[in-house]
Each structure stands twice: as C-alpha cells, then as structure tokens.
1. How many residues are among the aliphatic types (A, V, I, L, M), in contact with a Gly (Cβ under 9 Å, 6 or more places away or on another chain) and open to solvent by 50 Å² or more (accessible area, probe 1.4 Å) when one looks only at the range 153-173?
2. Consider Thr133 against the criteria (1) part of a helix (DSSP H, G or I); (2) more than 30 Å from Thr37 (Cα to Cα); (3) of a type in the set (Ser, Thr, Tyr): it satisfies all of them except one. Which criterion is unmet?
3. Select, from Leu32, Leu50, Leu59, the only residue that is over 28 Å from Val128 (Cβ atoms) and open to solvent by 60 Å² or more (accessible area, probe 1.4 Å).
4. Which is open to solvent by 20 Å² or more (accessible area, probe 1.4 Å) and at pLDDT 95 or above, of Ile142, Ile119?
5. Could you please find all residues in the range 5-38 being under 16 Å from the mean Cα position of the chain (by Cα) and of a type in the set (Val, Ile, Thr)?
6. Hey, does the range 85-95 have a residue that's more than 24 Å from Gln46 (Cβ to Cβ), open to solvent by 60 Å² or more (accessible area, probe 1.4 Å) and in contact (Cβ under 8 Å) with a residue 12 or more places away in the chain?
7. Is it the case that the range 122-133 has a residue that's in contact with a Phe, Trp or Tyr (Cβ under 8 Å, 6 or more places away or on another chain), of a type outside the set (Gly, Ala, Ser) and open to solvent by less than 50 Å² (accessible area, probe 1.4 Å)?
8. Being in contact (Cβ under 8 Å) with a residue 12 or more places away in the chain, open to solvent by less than 70 Å² (accessible area, probe 1.4 Å) and not in a loop (DSSP other than H, G, I, E, B): is that true of Arg103 here?
Amino acid sequence: MTTHVRVCIIGGGVLGCSIAYYLARMGCREVLLLEKTEIGAGSTSQAAGLVGRLRASSLMTQLMRLSVRNLKALKDETGEDPDFHEVGSIRVALTAAREEELRRQVVFGRQHGLDIDFIEPAEARRLVPALDTDGVRVMTYIPDDGFVDPYLLTMAFAKGARQQGAVIRRGVAAESILVEDGAVAG
C-alpha cells in the first residue's frame, strides 16, 4: 500500500487520469490517483465528448489546438485508442445577433489558424441531410472539429499513467484533506 506520495489526485475521471498521465510522463514520480468507485464512472461517463477547436479566447483556442494534437498522439503513446473522429461542426445563426457573432468567430478563428468558413445551405444539407436550413441567416463550418469517446479517452489516460509509473487505486474514497501549516500534508 502506498503511504507517501509526491502528488495525490482525487477522482478518476478524464481530468484526474489525464493529470496523472501527463505528470508521470513528464517524470514526476510518486503519483497516486484515488477513485472512490471505478475509473470514468462519474461525470465523465455522461460527457458528450465534443471536441470543438474554436473558443472565446485566444488562450482557450490555443489550448484546444494542443489538446487535439495530444488526442491524436495518445493511441501511439499508450496503445489505447480514444476513438477520436474529426467529423466537422456546423454553427447556425437564426437571428441577426447570432449572425454577427458567427461573423466575428470566423475572423477570430482564421486569425488563430483554424479552417473555418461560411457554407451554403446546400452544402450544409449534404453534410447533415436532416438539417433544416429554413430561416437560417448564415452557417459556419469547421471541418477539423470532432468527437471522442469519453470513456475510452479516460481508459487511455489511465493506462498511460500506469505505464509511466503512476499508481491508481479504485474503491478508495478521499474523506478529508489534512492541512498542516497551510500546506497539504495528507
């Protein structure tokens, strides 16, 4: 049983497992992840898994670019396929305010190197045959957006974390955090 660690992560969802993986991969030793039930069983199991690259800020858009790069490399790094698919996304404006927002997003996205453009209703219906384009003012398309299976992504991170030396304990609930002199002690 591990009693002394450098880093203790509470929660074995996609975030906890990714933190364990990247810390261990960067050489951090004595990484322990605690999960009270099963890996990926909490809110991760309810996630849609959408991977949209365009965000409201430059920093978040850059972070998504890095995230996609890492998603693409994860299978080779861990041997587990997170089932990432770049299928594209369509954004729709039905109001003048939303149209203006999409126009700003296209400029912003292009400034950040995203492949984003306006598309015509016929092209949108070709991509999504069930899409009703009646009343649509404008639409944008980002071909590189996609989705990932949240459970498989979590399992890839967990496997990679273990491969890099992190310890994962399932069925262990963190009941409290011991703080001594303003620092976590246990």
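The values are calculated or read from the model by the stated rules, or taken from the named source; none is laboratory data. Just so it is clear, the structure is predicted and the values come from calculations on it, not from any experiment. Quick reminder, even Gly has a Cβ in these numbers, built from the backbone with ideal geometry, and neighbours come from all protein chains shown. What goes into the accessible areas is simple: the full protein's heavy atoms, side chains included, and nothing from ligands, DNA or RNA. Shrake-Rupley method; radii C 1.70, N 1.55, O 1.52, S 1.80 Å.
1. Total satisfying the criteria: 0.
2. Every listed condition holds for Thr133 apart from (1).
3. Checking each option against the conditions leaves just Leu59.
4. Ile119
5. Correct list: Val14, Ile19.
6. Yes, some residue in the range 85-95 is more than 24 Å from Gln46 (Cβ to Cβ), open to solvent by 60 Å² or more (accessible area, probe 1.4 Å) and in contact (Cβ under 8 Å) with a residue 12 or more places away in the chain.
7. Step one: list which residues in the range 122-133 are in contact with a Phe, Trp or Tyr (Cβ under 8 Å, 6 or more places away or on another chain), which gives 123-124, 127.
Filter once more, keeping what is of a type outside the set (Gly, Ala, Ser): 123, 127.
Still in the list and also open to solvent by less than 50 Å² (accessible area, probe 1.4 Å): none.
So far as the range 122-133 goes, no, none of its residues is in contact with a Phe, Trp or Tyr (Cβ under 8 Å, 6 or more places away or on another chain), of a type outside the set (Gly, Ala, Ser) and open to solvent by less than 50 Å² (accessible area, probe 1.4 Å).
8. Values: in contact (Cβ under 8 Å) with a residue 12 or more places away in the chain: yes; open to solvent by less than 70 Å² (accessible area, probe 1.4 Å): no; not in a loop (DSSP other than H, G, I, E, B): yes.
So Arg103 fails the test.
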